[in-house]
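Here the structure comes first, spelled out in structure tokens, and everything after it is commentary.
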Amino acid sequence: MMKFKFDWFLPGMVLATLLAWLFPGPGAPGGWLRPELLTKVGIALIFFLHGVALSFAAMKAGALNWRLHLVVQASTFVFFPLVGVAVFWAGEGRLAPGLLLGFFYLCALPSTVSSSVAFTAAAKGNVAGAVFNATLSSLLGVVLTPLLVSAVLKTAGQTVPLGPVLLDLLRWLVLPLVLGQLARPLLAGWAKQHKARIGFADRATILVLVYTSFCGSFKMGVWSGSGGWLLPIVIGGAAALFALAYFATTSASQAMGFNREDRITAVFCGSKKTLASGVPMAAIIFGAHPQLGLILLPILIYHQLQLIVCGILADRWARQAEPSVSAV
């Protein structure tokens, strides 16, 4: 049975948002924290650490199961964006533009890496397949996420300067990732030994990015008049989105005749969205967008929801597998 321990990250996000509300000046554009530079340095650090931790040997081990990869990547970059487009157009004129864009941005993001693999392992699923799909999704997302966002904004009469955005993504995401991979032969042992400290640095950097992202929104009064209805709507929307993704990945797995291990991997990798890459990418794609806080709100809520639900599912599926494992 899985054991749950206190996770400081959720209280940390609440605290970062509260500090942005109380003290927006330092982290807002032009503030003394220099968010324009701080966010990019933080992004580079996150992806360098990801590059050091990324094992292509483990990814290679799961590369041949093409049917599993098709279901996961189609869920991540086809099913989710189609749902996001429907939400974007259905909510036009009813919800704040930044919040609608945030829901689509959530749908356009790649899957998580570490938590997808961790939950798959805990539930006794196909870990090699999870490593491959989570890593492939993360790499594809660097290109596909800004392209999807640009396409939707273009149809809505808005524009994202795609060339500069892609150049920034290459400079601050891909290059540090590649440098991390090149440094892996030297740093892999150190990274394994200090895994907890690296995880802390990674999450602490994300909290700094959350703080600076919300500072601009609070300073410009984006949240004024939102009232108490905003959070329940986002929670309800995130829950509905996860339920749809769970149903879609489960149905596709059954239709493809997947075994138990592959079904678990399809659900965990195909229903999850990355906060670790989502916040840094938003800082680059949307820049100093005045509603950046609203744009990030759906992924902040969805992240916590997916951890709770996937933790419950992993615990249940692990206990269901125990009799068959012990019988072997």
If N is the residue count of segment 107-176, its Cα Rg over 2.2 N^0.38 Å rounds to 1.37
With 10 Å bins from 0: P(r) over segment 161-274, alpha-carbon pairs, percent: 10, 18, 29, 32, 10, 0
Relative contact order [Cα under 8 Å, 6+ residues apart], segment 30-318, whole percent: 35 percent
With +1 assigned to the C-beta of every Lys and Arg and -1 to the C-beta of every Asp and Glu, and no other charges, what is the dipole magnitude of the chain about the Cα centre in debye, to the nearest 20? 500 debye
Given points 7 Å out from each Cα along the Cα-Cβ axis, report the Lys60 to His194 separation in nanometres with one decimal. 2.8 nm
What is the sum of charges, Lys and Arg at +1 and Asp and Glu at -1, for the other residues whose Cβ falls under 15 Å from the Cβ of Pro29? +2
Simple SL model, points at 7 angstrom along Cα→Cβ for Trp32 and Lys154; separation in nm is 4.4 nm
Volume per residue, Å³, of the convex hull around the alpha-carbon atoms of segment 240-328? 107 Å³
How would you order 195-202, 35-42 from highest to lowest mean count of nearby Cβ atoms within 10 Å? 35-42, 195-202
Across all directions of projection, what mean area in square nanometres is found for the Cα convex hull of segment 30-318? 15.1 nm²
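Any read-out appearing in this document is the output of simple, stated calculations on the displayed coordinates, not a laboratory observation. What you are looking at is a predicted structure, and each value in this text was computed from that prediction instead of being measured. Quick reminder, even Gly has a Cβ in these numbers, built from the backbone with ideal geometry, and neighbours come from all protein chains shown.
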